[in-house]
Amino acid sequence: MPAADHYLSRSGHAAQAVAESPFTIEVRFTGGLSDRQRAAFASAADRWSQVIVGDLPSVVVDGETIDDVLIVAEGADIDGTGQVLGQAGPTHLRPESAGVAALLPARGEMTFDSADLAALQADGSLDDVIAHEMGHVLGIGTLWEAKGLLAGSGSGDPTFTGAGAVAEWGALGGSGDVPVENTGGPGTAEGHWRESVFADELMSGFISEAGNPLSRMTAASLRDLGYDVALDAAEAYALPAAAPAGRAAAVRRLARCAVTVPTAVVLPGSSLLG
């Protein structure tokens with residue numbers, strides 16, 4: 001894609017004869033990213049906006065009107081490959097008076113170490129890593145507790161309790177609430193689906209080289225957060241019979257283990273438009 005300072009997602013624009021979704025993700029690039037890396041952000045924005053299909057109430061943040069989510073993205077020299085990847089997460093949340101959209105992100109940021117991005121690009125995992133981290137900006141793992149959807153925090157067996165995701169977990173063959181990651185320390189534990197159960201699902205805590213599907217369960221978890229979603233836009237996924245032998249040597253520990261999450265500000269009711 002040509003170098004540009006922003007990208008606006010247009011759900012359904014790529015080889016699909018469907019109407020565009022009213023939900024858009026604007027990615028504003030502020031520097032330090034190659035064209036290929038910018039393309040990964042654009043692809044991730046399209047991927048998520050094919051699943052999220054409902055408009056959110058517009059808000060004003062620092063004098064700027066945002067509809068629906070603005071993500072500020074950049075690459076920076078931090079500390080080289082394999083250490084601190086960067087920072088990703090929501091920075092501004094919709095007011096508690098926003099109805100079903102209460103506490104949903106309006107603005108977020110994704111800042112990555114340029115060296116890590118180059119390494120991810122080289123090993124083929126760049127697109128899935130960027131999509132994964134964008135999922136955290138949208139609230140997956142980062143807003144579960146705030147929305148009252150995380151049970152058993154600190155217990156060694158945390159679970160996600162949202163009714164939609166629980167139903168899809170059941171359709172996959174599971175029972176009870178959805179297992180959430182319980183290992184890996186802060187940032188990985190309690191912010192992902194459990195790797196030992198879900199393996200290569202996009203929002204588990206580890207990633208394989210390429211082809212990490214965004215499942216109906218993840219899409220349904222977005223509905224549990226308050227988004228309007230199209231479950232049929234999710235990607236084909238099935239539970240593994242067991243974690244593949246030797247998997248630990250074949251996966252990269254995902255960004256959340258090395259990413260600091262910005263503190264999110266809940267906007268006042270006066271920020272809502274309309």
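Every number in this text was worked out from the coordinates using simple rules, so none of it is lab data. This structure is a prediction, so every number in the text was calculated from the model and none was measured. Note: ideal-geometry Cβ built from the backbone for every residue, glycine included; neighbour counts use all protein chains shown.
Each of Leu231 and Asp123 was given a label point 7 Å from its Cα along the Cα-to-Cβ line. The distance between the two points is 3.5 nm.
For Phe29, the residues whose modelled amide H falls within less than 5 Å of its own, excluding neighbours fewer than 5 places apart on the same chain, are His6, Tyr7, Ala73.
The length gained by stretching the chain between Ser175 and Asp5 to full extension, at 0.36 nm per residue less their Cα-Cα distance, is 56.7 nm. The H on the amide N of Leu93, modeled in the peptide plane, is under 5 Å from the matching H of Ala106, Val265, Val266, Leu267, each at least 5 residues off or on a different chain.
Sorted ascending by nearby beta carbons within 10 Å, beginning with the fewest, Val166, Val265 become Val265, Val166. Here the residues His132, His6, His92, ranked from fewest to most Cβ neighbours within 10 Å of their Cβ, fall in the order His6, His92, His132.
Our coupling estimate for the stretch 169-174, obtained by passing each phi through the Karplus curve with A = 6.51, B = -1.76, C = 1.60 and θ = phi - 60°, is 4, x, 5, 7, x, x Hz, Gly and Pro reported as x.
Computed over the alpha-carbon pairs of the stretch 120-215, the distance histogram in 10 Å steps reads 17, 50, 28, 5 percent, short to long. What the phi angles of the stretch 210-215 give under the Karplus curve with 6.51, -1.76 and 1.60, with θ = phi - 60°, is a coupling list of 7, x, 9, x, 8, 7 Hz, glycine and proline written as x.
Put simply, the Cα atoms of the chain extend 51, 40, 39 Å along their principal axes, the longest span coming first.
Full extension of the segment from Val61 to Glu96, taken as 0.36 nm per residue of separation minus the current Cα-Cα distance, would add 11.1 nm. Its relative contact order, with pairs defined as Cα atoms under 8 Å and 6+ residues apart, puts the chain at 20 percent. The string of couplings for the stretch 109-121 from the Karplus curve (6.51, -1.76, 1.60, θ = phi - 60°) is 9, 9, 10, 10, 5, 4, 5, 5, 4, 5, 5, 5, 4 Hz, one whole number per residue in order, with x for Gly and Pro.
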